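Have a look at the structure below, then the notes.
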Amino acid sequence: MLILGIESATSQVGCAIGGHEGVLASAHSARPRRHAESLAPQIEFIAEQAGIKLSEVGVVAVDVGPGLYTGLRVGITTGMALAHTLRIPMIGVSSLDLLAFPMAHTERTIVAAIDARRGEVFHASYRAVPGGVQRMTEPGVSAPADLRADIIADHDEVLLVGDGALRYHQEFENVTGVEVADAAVAFPSAASLVMLAHAKALREEFVRPDQIEPMYMRRPDAVAKWESA
């Protein structure tokens, strides 16, 4: 079964195609606020690179957040439209799961942190398990200083990953036992989305397009600015 994965929760946007044989093709773009313009050409490009037609895709997987409102809306809406057109099911995966998944090699507690703007981060904690990672806390949103306090209180060795960790790295530099992962793994990966979605597909964890539920966790920035004006 071929899976098209669409990832758009952060300032980057990307997509990938793959299945049981692994990831066949992927593409990412870091053009700020250009998700809607970038995504359709990326999907066409990876289909061509993989040598397949979109009609061969059996599942559309999307990053459901948490993340930036506009980016999530573009990715999820695009995925729903494709799934409706192709009459195929969907799978949703959290952006924080996607960040933590490539860190499964560590023995530390993994804390995924996405820049939520407004001086906050979306975050969740994980531990490595055979074949991947297991989420230990529900996704939350808080100020970096509050996340720092929680990490200190837990007394764990921590690997902190994500663009939120990089943006607010000063908050964590002097915390004993905390390592901030580098920029190469700072954004959710569409390739990881395909791999995690494939595992869900084997368990038949499909949903209809109208059952996909975005994890916004906050109102859009534009609404907050209007109400505070």
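Tell me the residue from Thr78, Thr10, Thr70 that is under 17 Å from the mean Cα position of the chain (by Cα), surrounded by fewer than 18 Cβ atoms within 10 Å (Cβ to Cβ) and in the same structural domain as Ser192 (by TED's automatic domain parsing), please.
On the way: Thr78 fails: surrounded by fewer than 18 Cβ atoms within 10 Å (Cβ to Cβ); Thr10 fails: surrounded by fewer than 18 Cβ atoms within 10 Å (Cβ to Cβ).
Answer to the selection: Thr70.
For Val194, work out the one condition from (1) in contact (Cβ under 8 Å) with a residue 40 or more places away in the chain; (2) not small (Gly, Ala, Ser); (3) not in a helix (DSSP H, G or I) it doesn't fulfil.
All conditions pass for Val194, except number (3).
Is it true that some residue in the stretch 101-110 is assigned by TED's automatic domain parsing to the domain that holds Tyr216, over 15 Å from the mean Cα position of the chain (by Cα) and among the polar types (S, T, N, Q)?
no
For the list (1) in contact with a Cys (Cβ under 7 Å, 6 or more places away or on another chain); (2) farther than 30 Å from Val121 by Cβ, I need the number of the one condition that Ala81 fails.
(1)
So which of Val23, Val93 ends up being among the aliphatic types (A, V, I, L, M) and either at pLDDT below 95 or surrounded by 22 or more Cβ atoms within 10 Å (Cβ to Cβ) (or both)? Spell out the reasoning first.
Working: Val23 fails: either at pLDDT below 95 or surrounded by 22 or more Cβ atoms within 10 Å (Cβ to Cβ) (or both).
Val93 is the lone residue from the list that is among the aliphatic types (A, V, I, L, M) and either at pLDDT below 95 or surrounded by 22 or more Cβ atoms within 10 Å (Cβ to Cβ) (or both).
The values are calculated or read from the model by the stated rules, or taken from the named source; none is laboratory data. As the structure is a computational prediction, the values presented were derived from the model and not from experiment. With ideal geometry, Cβ positions are generated from the backbone for all residues, glycine too; neighbour counts draw on all protein chains shown.
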